[in-house]
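In what follows, a structure is listed as structure tokens, so that the remarks can point back to it.
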Amino acid sequence: MPIYEYRCNDCRRRVSVLWRTFAEVEDSAPKCPRCGSTNLTRLVSRVAVVRSEESHLEDLADPSNLAGLDENDPKSIARWMRKMSKEVGEDLGPEFDEVVDRLEAGESPEEIEAAMPELGSDMGGDLD
């Protein structure tokens, strides 16, 4: 069942029209569901792709996502960390936000680790 988007030239609204079949699209004129007008212009719709979490994580591991990352620049690391956290889509907690804020302010990972020794205690590791 195709759904097409149109601009109604009478009420000036963007509308979606659900068709029962592709043949119906070819044989019928679209009608604005808001004002009933048939004076519509078809628009190019956005495409959404549903992907699995595994597929999404594989893309994050792609080395091309590291383009522009300068491991010697705390601000560059912070930008990369913010980008990756948005991609993951989960709240990583106040500690994450504090670390990124400190990196954006120019603090080095070593300085942050010294100021926040409890950071790596849950994972048994350190920041670098």
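The values are calculated or read from the model by the stated rules, or taken from the named source; none is laboratory data. The structure displayed is predicted, hence computed values, not measured ones. Please note: Cβ atoms are built from the backbone with ideal geometry, for glycine as well, and neighbour counts cover all protein chains shown.
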Kindly provide the set of residues from the range 80-118 that are closer than 17 Å to residue 59 by Cα, surrounded by 14 or more Cβ atoms within 10 Å (Cβ to Cβ) and hydrophobic (A, V, I, L, M, F, W, C), ordered by number. 80, 81
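This table checks each residue for (1) basic (Lys, Arg); (2) on the phi > 0 side of the Ramachandran plot; (3) touching a helix residue (DSSP H, G or I) at 6+ places or on another chain (Cβ under 9 Å); (4) in the same structural domain as residue 102 (by TED's automatic domain parsing).
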{"residue": "30", "(1), (2), (3), (4)": "no, no, no, no"}
{"residue": "34", "(1), (2), (3), (4)": "yes, no, no, no"}
{"residue": "57", "(1), (2), (3), (4)": "no, no, yes, yes"}
{"residue": "61", "(1), (2), (3), (4)": "no, no, no, yes"}
{"residue": "72", "(1), (2), (3), (4)": "no, no, no, yes"}
{"residue": "86", "(1), (2), (3), (4)": "yes, no, no, yes"}
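This table checks each residue for (1) assigned to a loop (DSSP other than H, G, I, E, B); (2) over 30 Å from residue 3 (Cβ atoms); (3) aliphatic (A, V, I, L, M).
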residue	(1), (2), (3)
20	yes, no, no
31	yes, no, no
34	yes, no, no
59	no, no, no
76	no, yes, no
Does residue 48 fit the bill of being surrounded by fewer than 10 Cβ atoms within 10 Å (Cβ to Cβ), outside the structural domain of residue 89 (by TED's automatic domain parsing), over 30 Å from residue 89 (Cβ atoms) and without any contact (Cβ under 8 Å) to a residue 12 or more places away in the chain? no
Flagged in the range 81-114 as hydrophobic (A, V, I, L, M, F, W, C), more than 24 Å from residue 52 (Cα to Cα) and in a helix (DSSP H, G or I), in numbering order, are 96, 99, 100, 103, 112, 114
What residue, among those in the range 5-22 that are of a type in the set (S, T, N, Q) and either over 29 Å from the mean Cα position of the chain (by Cα) or surrounded by 13 or more Cβ atoms within 10 Å (Cβ to Cβ) (or both), is nearest to residue 44 (Cα to Cα)? 9
